[in-house]
1. Modelled label-to-label distance, residue B:28 and residue B:74, 7 Å Cα→beta-carbon offset: nm?
2. Can you give me the orientation-averaged projected area of the convex hull built on the Cα atoms of the protein assembly as shown, in nm²?
3. How far is it, in nm, from the label point at residue A:79 to the one at residue B:116 when both lie 7 Å from their Cα along the line to the Cβ?
4. Along the Cα→Cβ direction, 7 angstrom out, place labels at residue B:81 and residue A:109. What is the inter-label distance in nm?
5. Which residues in the stretch B:51-85 have a backbone N closer than 15 Å to a point placed 7 Å from the Cα of residue B:17 along the Cα-to-Cβ line?
6. Give the separation of the Cα centroids, the stretch A:37-75 to the stretch B:65-81, in Å.
7. Taking the Cα atoms of chain B, what is the range of coordinates along each of the three principal axes, in descending order and whole Å?
8. Counting only other chains, what is the mean number of Cβ atoms within 10 angstrom of the Cβ of each residue in peptide B:15-27?
């Protein structure tokens with residue numbers, strides 16, 4: 001079956017702009033989590049969505065937001081981009097109930113110039 | 001808050017040899033899960049092995065095994081018969097079950113492993 005798909009793979013944006021990243025989970029998975037990966041801070045949890053509801057949130061400013069649709073696809077949005085938002089954004093999906101393995105996508109590499 | 005520490009930023013090993021990657025964590029929880037993920041240059045995070053804290057037996061997956069010391073809060077990964085394809089970043093991660101089922105992974109900074117021919 002298809003894995004977790006993230007689009008686009010690469011993005012270049014200018015400071016002050018906004019960006020939307022997309023994640024399509026594995027079929028049947030209802031939980032989608034987002035992580036930011038940078039050389040300095042490593043992997044940090046952004047938020048998790050389950051059945052269209054945000055179930056958990058990390059310590060990121062309100063410029064970072066997300067949503068999940070009825071088909072479990074998720075988007076994350078970053079507004080008023082800053083240079084420090086340059087990172088690899090990873091999405092992970094799982095069944096979301098009980099303990100389940102999280103499967104990751106290949107990420108979106110965002111560069112803010 | 002939980003923290004995960006990987007004290008070895010980089011390691012190298014010869015092909016066919018054995019290498020051990022270290023990980024320690026800090027938590028006050030008694031029930032939790034621990035994972036080792038591999039991230040090759042393709043960037044995709046791949047689960048290597050997982051351990052439930054309530055299980056005393058160390059997890060094993062083919063050439064990969066862990067040494068889980070709950071009292072010491074230590075969770076090391078041993079790779080036997082290292083292969084060139086094992087070259088990657090390895091991340092240790094912690095997850096505690098939470099009310100509502102929320103799944104949040106806390107990652108260490110990673111260990112870059114290079115397998116030399």
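Read-outs: derived from the displayed coordinates by stated rules, not from any lab. Just so you know, these numbers come straight off a predicted model, no measurement behind them. Here Cβ is always computed from backbone atoms with ideal geometry, including for glycine, and neighbour counts include all displayed protein chains.
1. Taking the two extended label points, one gets 2.5 nm.
2. 12.6 nm²
3. 5.3 nm
4. The answer from the label model is 3.4 nm.
5. B:79-84, by backbone N distance to the label point.
6. With the stretch A:37-75 and the stretch B:65-81 each reduced to a Cα centre, they are spaced 30 Å.
7. Principal extents (Cα only, largest first): 47, 28, 23 Å.
8. Mean number of neighbouring Cβ atoms from other chains: 0.
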